[in-house]
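Notes follow the structure.
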Amino acid sequence: MRKILILASLFILMLSLGVSAEKFAFDAEKLDFVGGLTYNNFANKETEDDKEITKEFKELDNGIGFYAGLRYPLQENIALGIGLDRAAGSAKKDKIAVDRSILGPYAEVVYQVNEFIDVSAALAYYLYDSTRTEDTDKTECTGNGIGFLVGGSYEYPLQDGFALKGSVGYRMATIDLKEQTVDDKKVDITDQKMKIDLSGFRVSAGISYSF
């Protein structure tokens, strides 16, 4: 219920900013490239057989990522987009180091509120990868899961088709862990029902280019 309220609040906020603005339409003759860096925080909740596992590193609650994509005008004020989203985190303490990331393609629907503001909703398919090293021991884990991205962005036009773009949104992503590799030996861990919740807020800064 809390996630639903968060998502609803984001859309209401972004839409309200454009209520008094002049109606704006996409340029039907142009594609838009969008991309930038993201700062992400994560729920970082791991479960096994529906029982929560104690966090090993709180530092994994946030991380840096990037996104890149193309948007194609479908009709007035609405565009469809495809792209790639990545988020990663790392932590280190004593002789233990952990690195993990999610990477996946997404498809989105974009509504242009006015010349500067748009809101979007996207469906993503994430691949998960993590590596944990302790002394000379190394454990890798992979998985996958469906994700959702919702949010809004503000675009400040520059010149020659370029614009600065900032956005805020929320990612919903629960990853099912599938395979673990220890000492080069792969083990199927699907039956352990291990999951990791990487949902959280996502803030980005980047550019857009119309061509």
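Remarks
- Breaking point among (1) β-branched (V, I, T); (2) at pLDDT below 95; (3) crowded, with 16+ Cβ neighbours inside 10 Å; (4) within 18 Å of I196 (Cα to Cα), for V113: (4)
- Strands (runs of 3 or more DSSP E) lying entirely in segment 147-205 (those with 1 or more residues that are under 18 Å from the mean Cα position of the chain (by Cα), surrounded by fewer than 20 Cβ atoms within 10 Å (Cβ to Cβ) and in contact (Cβ under 8 Å) with a residue 12 or more places away in the chain): 162-182, 194-197
- Members of segment 117-132 that are among the polar types (S, T, N, Q) and over 21 Å from I175 (Cα atoms): S120
- Qualifying positions in segment 180-195 - within 21 Å of Y126 (Cα to Cα) and not basic (K, R): Q180, T181, V187, D188, I189, T190, D191, Q192, M194
- Members of segment 181-211 that are within 19 Å of E52 (Cα to Cα) and polar (S, T, N, Q): T190, Q192, S199
- Filter result (of a type in the set (A, V, I, L, M, F, W, C), open to solvent by less than 70 Å² (accessible area, probe 1.4 Å) and over 21 Å from F211 (Cα atoms)) within segment 62-102: A87, A88, A91, I96, A97, V98, I102
- Residues that are under 11 Å from the mean Cα position of the chain (by Cα) and among the acidic types (D, E) are absent from segment 92-100.
- Condition check for Y125: open to solvent by 20 Å² or more (accessible area, probe 1.4 Å) and modelled with pLDDT under 95: no
- With respect to (1) on the phi > 0 side of the Ramachandran plot; (2) modelled with pLDDT of 95 or more, the lone exception for I102 is condition (1).
- Identity of the residue in segment 29-56, in a strand (DSSP E or B) and among the β-branched types (V, I, T), that ends up surrounded by the most Cβ atoms within 10 Å (Cβ to Cβ): V34
- In the set E76, E59, E48, only one residue is over 15 Å from the mean Cα position of the chain (by Cα) and either closer than 17 Å to I175 by Cβ or modelled with pLDDT of 95 or more (or both); that residue is E48.
The values are calculated or read from the model by the stated rules, or taken from the named source; none is laboratory data. Here the structure is a predicted model, which is why all the values come from computation and not from measurement. Virtual Cβ from ideal backbone geometry, glycine too; neighbours counted across all protein chains shown. Note: areas computed on protein heavy atoms with side chains; ligands, DNA, RNA excluded. Shrake-Rupley method; radii C 1.70, N 1.55, O 1.52, S 1.80 Å.
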